[in-house]
Amino acid sequence: MKKILICSVFLFVTLISAFKQDAEERYVVDVERSSVKWLAKKILGQHSGSVKLSSGSLMLNGSNLVSGTFAMNMTSIDCDDLDDGSNQMLTDHLKSVDFFSVAKNPISTFRITKVMPLSTDQATIMGNLTIKGITAPVTFTASIRKQNNMIVATAKNIKVDRTKYNIRYRSANFFGDLGDKAIENQFELSVTLVARLSVS
C-alpha cells in the first residue's frame, strides 16, 4: 500500500510538472519591428535617440508573462534631435569611455527576474539590466498584449541611474562646480517588444 501511494504521488508530481512545462510558450522578439528609445536630460536641455535590438525572447504561461530577456546592440546607438554634424559628434561621445565604452561592451542586456501582474494586461517587471558588464536591478510597469500568436510588450519612461554602471561623466554626484554643464544621473528608456510564437 505504501509503495502504491509513493508511486501515485510521484506520478502526480510528474504530470503536474509536464503540464507546467507544456503551458509555457516562447515568443521570439522581432528585432526589426521592436524598438528601444532613450532620453537623457541636462541642465540646459535634453537629447533623445534609439538603440537597435539584437535579440530577445518572452516566455508566457497562458496569457501571463513569466520571464524574458533582450539584448541591445550598443554600436547602433544614435541621436535623433541634432543635425548631421552635431549628431555624429554626440553619437561618437556616447560610444566612448565617457559613457558606454562600446568598443569593449558592444552588447547591453535586460533579463526579467520577477513579474507581478497588476491587471489583465499590465504588470510590474523586475529585472537585471547589464551595461558595460555591470549589472543592477531595474523595476518598471509594462503593458503586455497578446493576440493570436503575437505579443506586444511596452514599457515607457524606465528610469535608469547611469552612475550604477560607472557612467559618471558630468555627474554632480562626483564632480563639483559643473554649473549648467551637469548631466542628470537618470536617463529614460522606452521599450516596445513585438514577439511571435516560436514554432520550434
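Rule-based calculations on the coordinates, nothing more; no lab input. What you see is a predicted model, and the numbers here were worked out from it, not measured in a lab. Note: ideal-geometry Cβ built from the backbone for every residue, glycine included; neighbour counts use all protein chains shown.
Structure notes:
- Magnitude of the charge dipole, the range 71-179, Cβ model with Lys/Arg +1 and Asp/Glu -1, debye to 20: 700 debye
- Folded to 0 to 90 degrees: helix 84-95 orientation relative to the chain principal axis, Cα: 60 degrees
- The mean sequence separation of alpha-carbon pairs under 8 Å and at least six residues apart, normalised by the residue count of the chain, gives a relative contact order of 22 percent.
- Positive-end ranking of Ser55, Pro117, Thr75 along the dipole of the range 25-197, with charges on Cβ about the Cα centre, is headed by Pro117.
- In the chain, the longest principal axis of the Cα atoms and the axis of helix 2-23 are about 40 degrees apart.
- Links that overshoot a 26 Å alpha carbon limit, given the list Lys41/Lys114; Lys42/Lys114; Lys52/Lys181; Lys52/Lys156; Lys104/Lys146: Lys41/Lys114; Lys42/Lys114; Lys52/Lys181; Lys104/Lys146
- Over all pairs of different C-alpha atoms in the range 25-197, the reciprocal of the mean inverse distance, the Kirkwood hydrodynamic radius, equals 16.9 Å.
- Think of each Lys and Arg Cβ as +1 and each Asp and Glu Cβ as -1; about the Cα centre, that makes the dipole of the chain roughly 900 debye.
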